[in-house]
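Remarks on the structure that follows.
The values are calculated or read from the model by the stated rules, or taken from the named source; none is laboratory data. Since we're looking at a predicted model, the values are computed, not measured. Backbone-built Cβ (ideal geometry, glycine too); neighbour counts: all protein chains shown. To get the accessible areas, we keep the full protein, side chains included, count just its heavy atoms, and leave off ligands, DNA and RNA. Shrake-Rupley method; radii C 1.70, N 1.55, O 1.52, S 1.80 Å.
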Amino acid sequence: MAKPLTDGERRKQISVRGLAGLGDVAEVRKSFNRHLHFTLVKDRNVATRRDYYLALAHTVRDHLVGRWIRTQQHYYERDPKVRRRRGGGCPGVGRFPPCTVCTLGSALSPGLSPRDPPVAAALQVEEADDWLRYGNPWEKARPEYTLPVHFYGRVEHSAEGVRWLDTQVVLAMPYDTPVPGYKNDTVNTMRLWSAKAPNDFKLHDFNVGGYIEAVLDRNLAENISRVLYPNDNFFEGKELRLKQEYFVVAATLQDVIRRFKSAKFGCRDPVRTSFDTFPDKVAIQLNDTHPALAIPELMRILVDVEKVDWDKAWDITKKTCAYTNHTVLPEALERWPVSMFEKLLPRHLEIIYAINQRHLDHVAALFPGDVDRLRRMSVIEEGDCKRINMAHLCVIGSHAVNGVARIHSEIVKHSVFKDFYELEPEKFQNKTNGITPRRWLLLCNPGLADTIMERIGEGFLTDLSQLRKLLPLVNDEALIRDVAQVKQENKVKFSAFLEKEYGVKVNPASMFDVHVKRIHEYKRQLLNCLHVVTLYNRIKKDPGQAFVPRTVMIGGKAAPGYHMAKMIIKLVTSIGDIVNHDPVVGGRLKVIFLENYRVSLAEKVIPAADLSQQISTAGTEASGTGNMKFMLNGALTIGTMDGANVEMAEEAGAENLFIFGLRVEDVEALDRKGCVYNAREYYERLPELRQAVDQISNGFFSPRKPDCFKDLVDMLLNHDRFKVFADYEAYVACQARVDQLYQDPKEWTKKVIRNIACSGKFSSDRTITEYARDIWGVEPSAQQAQAPSLPRD
């Protein structure tokens with residue numbers, strides 16, 4: 001619970017100078033006090049920091065509302081094409097807090113927050129994140145637009161058509177959040193949905209005394225948006241997960257169609273009765289397979305409800321939908337049991353079967369007699385447990401399919417969806433991911449942003465390609481000095497944060513070696529651990545030798561059910577326990593696990609990082625965006641030729657990154673039949689690797705439980721799909737090159753400046769422009785809605 005402010009804190013004036021752009025400072029202060037008193041019913045004697053935040057948030061929202069309404073008026077009156085980008089790695093079901101809201105206006109965040117433990121516990125513990133306990137000042141509930149979503153029931157076919165009957169209804173209530181543009185009057189809407197039980201839900205049971213049963217049933221309905229299944233890179237076929245995915249798809253599509261039918265802002269009366277122009281006005285981007293149900297749901301609405309002919313409905317659906325693939329790992333692809341669909345969504349199962357039959361008929365006509373091809377391309381996977389391959393459904397039902405980095409898109413075409421690419425090569429394309437420079441430079445690293453603005457102006461904030469203007473200044477002594485100074489200031493600030501939050505004192509002059517991302521075997525935090533142990537052993541072997549001081553920081557969350565990932569966290573903290581308390585090592589090496597890694601922590605560590613670790617096995621990382629954030633903020637990259645690393649190396653020059661290890665073709669060669677990856681060969685041949693593995697295996701880092709890491713070592717030696725040992729030697733040698741360059745601060749900073757100057761390609765503005773032009777069929781416009789202070793046209 002937040003505590004009231006002390007007298008000293010209360011006497012401090014809250015600065016609103018930074019909000020001057022909202023209007024007159026005195027007016028802002030007046031609005032702030034009004035909300036503190038009348039919205040929160042508090043005065044300064046009892047107000048807490050949270051109260052002050054809420055009052056300020058309401059004040060800012062007040063200034064957005066006029067622009068928000070004008071933007072919606074503009075959209076309804078001009079009737080432009082709109083897009084619904086569903087999902088985001090995990091679908092935005094329920095009212096979950098946005099991790100980042102950029103030009104996409106999309107949200108990604110789990111409702112169950114894995115919270116990493118203190119070192120003493122060393123195991124990740126998940127805690128519920130009750131983020132709505134104190135309300136959300138930014139959102140506006142829209143109960144008048146509540147929509148029904150149906151589950152279960154039965155299907156009835158008749159001469160009049162198909163009806164889905166005897167369903168269980170859950171209500172979807174929308175909550176709108178404003179998403180303002182940067183320095184313009186456009187404010188878009190992010191709509192989230194909350195599950196509500198119907199008012200008449202088991203009312204009879206309640207009236208006759210079955211209070212508990214009635215309340216429990218109501219809670220079951222509302223559980224749909226209460227906790228998001230923490231699906232990471234492992235697919236879990238849980239019924240609640242499928243319910244969540246359909247819930248957000250069904251609510252969103254009903255909302256899209258209502259808007260399509262309406263012509264004027266605020267009008268609920270249907271105007272359009274023909275769906276011929278639907279793909280001209282609506283674009284639905286399926287962000288991974290989680291919203292794949294949009295395809296059969298749109299078909300159901302068009303065919304069953306709107307009475308559109310099947311072939312015409314299918315043409316509309318394909319022209320409307322497009323699919324972005326985000327992973328090549330087979331275990332991450334959704335494959336739902338047919339039996340679950342049959343019970344939960346019986347009409348959708350019929351539609352999927354019909355889609356699949358027409359698809360297979362088409363394939364059979366083109367490749368007569370190729371039964372194996374039909375099996376590979378079917379949406380329905382036969383076997384003991386029939387399953388629906390949602391990725392295949394997405395490819396079949398979309399007019400465009402894209403990967404999120406060039407190398408990833410090539411793998412999508414020639415491996416993951418090879419048969420589909422041979423069938424329809426024209427629909428496959430690439431859209432390399434991007435990041436927003438407003439958050440990931442201007443907001444989180446104002447010192448660096450100011451340094452850049454002094455040289456080239458501020459145009460790069462909306463056109464990141466302008467950073468190339470820094471290239472002629474790579475050797476400029478003043479710029480080299482200023483960039484190095486900003487980095488050191490960020491490191492000092494983050495060192496103080498580490499000491500306060502983690503109780504670990506680090507040397508700000510040491511190299512900040514940072515590896516932050518989801519904990520997963522393919523991201524190879526284990527390779528980093530092996531290098532740390534190797535450095536430790538070298539220091540212990542020859543304490544008198546000069547070593548480049550390093551502070552190694554590893555952070556990230558493991559999926560709650562992912563045992564191996566949790567053991568990796570345990571290993572990092574265990575290594576840190578030994579290394580950080582060894583007097584021989586002193587300040588030359590520190591190992592810190594960044595607990596509860598999240599956006600707000602990323603905004604602190606990324607500007608302070610010297611070295612960015614992007615070391616996934618080649619061919620496994622779709623793109624990565626952390627790599628781009630570090631590049632933009634002046635960290636040098638050590639990495640494999642994987643994901644967006646490939647394009648980063650092309651932009652900045654491979655000589656300005658630390659590239660090592662197997663390429664995709666090398667990994668494929670090791671995977672070919674008859675050429676099996678043999679981890680023990682590397683273990684026997686490389687003494688430093690063997691020593692490190694043995695120490696992990698024999699309990700050196702877990703003296704109280706010597707066999708603690710038995711599963712990890714067994715995996716590394718006997719069934720490591722991600723070939724950690726194969727890249728160990730090259731990785732350690734590459735790290736030696738890092739040490740060598742770090743000892744020459746001037747040359748290091750020159751490479752930093754070159755990386756920053758060449759990071760312009762990786763703006764989300766460029767990414768969204770490409771989606772708009774190449775997939776959604778809309779041309780970006782500089783036209784703005786009128787400012788709310790002006791009279792309407």
Please compute the modelled spin-label separation between Asn596 and Asp79, points set 7 Å along Cα→Cβ, answer in nm with one decimal. 5.1
Roughly to the nearest percent, how much of the accessible area of region 287-440 is carbon and sulfur, given a 1.4 Å probe? 51
Per residue accessible area in Å² of region 309-418, where ligands, DNA and RNA are left out and the probe is 1.4 Å: 40
Ignoring everything except DSSP H segments at least 4 long, calculate the 222 nm mean residue ellipticity for the chain; use -39,500 (n - 2.57) per segment, divide by total residues, nearest 500. -13000 deg cm²/dmol
With a cut-off of at most 14 other beta carbons within 10 Å, and DSSP calling the residue loop, which GluC sites (Glu not before Pro) in region 329-422 qualify? Please list them. Glu382
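Once R0 is set to 30 Å, what does the formula 1/(1 + (r/R0)^6) return for the Cβ-Cβ distance between Gln545 and Asp476, expressed as a FRET efficiency to the nearest 0.05? Please list the in-between numbers first.
Working: r = 36 Å, r/R0 = 1.19.
Step by step, r from the Cβ atoms, then E = 0.25.
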Suppose each label sits 7 Å from its Cα in the direction of the beta carbon; what would the Leu790-Val125 distance come out to in nanometres? 5.7
Charge context of Leu662, other residues only, Cβ under 10 angstrom, K/R +1, D/E -1: -3
Given R₀ = 25 Å, what would the calculated FRET efficiency be for Ala654 paired with Asp739, taking r from the Cβ atoms and rounding to 0.05? 0.85
Charge tally for neighbours of Leu393 with beta carbon under 11 Å away, counting Lys, Arg as +1 and Asp, Glu as -1, is 0
Obtain the nm distance between the two label points defined at Glu454 and Glu668 by a simple spin-label model: each point lies 7 Å from its Cα along the Cα-to-C-beta direction. 4.9
For region 141-181, which whole-number percentage of the solvent-accessible area (1.4 Å probe, protein heavy atoms only) is attributable to carbon and sulfur atoms? 53
Theoretical FRET efficiency, 1/(1+(r/R0)^6), r = Cβ-Cβ of Ile212 and Leu443, R0 60 Å, to 0.05: 0.80
Percent of Cα-Cα distances greater than 36 Å, calculated over the chain: 50
Go through 456-463, 519-526 and give me the packing order, highest mean Cβ count within 10 Å leading. 519-526, 456-463
At 0.36 nm per residue, minus the direct Cα-Cα distance, what do Lys604 and Ala26 gain on full extension? Give it in nm, one decimal, please. 204.9 nm
